[in-house]
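Any read-out appearing in this document is the output of simple, stated calculations on the displayed coordinates, not a laboratory observation. Note that the coordinates shown come from a computational prediction; the quantities given were computed from them, not determined experimentally. For neighbour counting, all protein chains shown are included, and Cβ atoms are generated from backbone atoms with ideal geometry for every residue, glycine included.
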Amino acid sequence: MRVSQDLVSDVAEVLLTEEQIEAKVAELGRQISADYDGRELTLVSVLKGSLPFMADLMRRISLPLRIDLMEVSSYGGTSTESSGLVRILKDLSAPIDGRDVLIVEDIIDTGLTLNYLIRYLKGKNPHSIKVCSLLNKPARRLVEIPLDYVGFEIPDAFVVGYGLDFGEVYRNLRFVGVLRPEAYES
Amino acid sequence: MDPPEQTEHLPGGVADEETPRGSHSDTVFAHASEAEFARILDFYQVAWEYEPQVFPILWDLEGNLLESFAPDFYLPDLELFVELTTLQQRLVRKKNRKVRRLRELYPGLRIKLFYARDFRALMLKYGRAALVSGLSGTLGQVTPHQDENGSTEPEDRLDALDRAGADAGDADRSEPDSNAEPHPPSERRSRGARRRAVRRAAAAAQTPAT
């Protein structure tokens, strides 16, 4: 994998500018604040990609809330995954029974990870589970899961930035952009 | 937006813990990309069945079956069929036609066609881009099974014809005669029954439609 020192030069097209993201996050924050008024909200961020979105979104929600972090293993094929099954790498740090849970995701693509997470979290008896995703890429969706809050619907392209990575790089870009094919084909 | 009610996230995609799952270790796949796709489903604990059902999709005017279609996967918890097509783009046209025909005849059926670009993107997402070339197209083809006499199963011959785009008359075969009475949707059947059905379809397909 070849990564330029100038990360921006590996981006073919800026899909969402920093300003667009900021405005959308503020809008989502207002909606969530209104919808959950008077309720016990827990934001559950799914590491690592949703970290910037979580950090910005929580500051745009004007309610008392708790946050928690989860990380699940991603498919890497039989050569690197000994069990061949998804694993919880980091579990919730506090119980969520009786609480309103809002899963905060960076992007929903196939829906496989989210499907697993919802099933897992349901087992912890929350009052409700809803989903907030900054990006929705429906082109390859396998599991149709209702997304309660969506920032942007994006086309079928490999995107990086604002938490989204390729090979753990590009997460720190302040915008969301389409990665040049040369960056992942090399 | 209305205040949130207690959410019922039951999209049909939440697998029951007891749901029996397919196992790629005891399934013979026709293509390496299918085996990889099965591993992904296994990983995320999504139940699957491999080619569990054959759908008749084309008949002649006498009602003889000319063509069938067996989607690669059925995901029972999601009530979704998935067809992978990692072949060269010029050969995808036939799959598109089959899927379109399937949707016409069985409107309640949900099927997702995964193209080569979708599979490639999936591999890229999971950091397995380097394997794409080996899992796609002709390199990913699994040698058809041969019986003790060395002859290929009719099903495999049919698939091979599909892949080569050499199915006699296919290029010229437009949509079927609308007067031909479609047979009722097939029931789930055993692999043996499916093979027999495909053999019949293969034999019937040798006779040009009138």
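Things worth noting here:
- Counting DSSP beta bridges with both ends in segment A:19-154, the antiparallel % (nearest 5): 10
- A simple rule links phi to the HN-Hα coupling: the Karplus curve 6.51 cos²θ - 1.76 cosθ + 1.60 with θ = phi - 60°, which for segment A:41-56 gives 8, 10, 8, 10, 8, 9, 5, 9, x, 8, 4, x, 5, 4, 4, 6 Hz, with x for Gly and Pro.
- Under 23 Å from A:LYS48, Cα to Cα: lysines that are on another chain or at least 8 residues apart: A:LYS24, A:LYS90, A:LYS122, A:LYS124, A:LYS130, A:LYS137, B:LYS125
- Shape analysis of segment A:19-154 yields a ratio of the Cα radius of gyration to the Kirkwood radius, Rg/Rh, of 0.96.
- Förster radius 41 Å - calculated FRET efficiency between A:ALA23 and B:VAL28 (Cβ-Cβ, nearest 0.05): 0.20
- Under 13 Å, Cβ to Cβ, from A:ILE21 - net charge with Lys/Arg +1 and Asp/Glu -1: -3
- Rg/Rg_ref, segment A:134-186, where Rg_ref = 2.2 N^0.38 Å and atoms are Cα: 1.24
- Number of partner chain Cβ atoms within 10 Å, mean per residue of A:120-132: 2
- Number of partner chain Cβ atoms within 10 Å, mean per residue of B:44-51: 4
- Helix content alone sets the calculated 222 nm mean residue ellipticity of chain A: runs of n ≥ 4 DSSP H residues at -39500 (n - 2.57) each, divided across all residues, give -6500 deg cm²/dmol.
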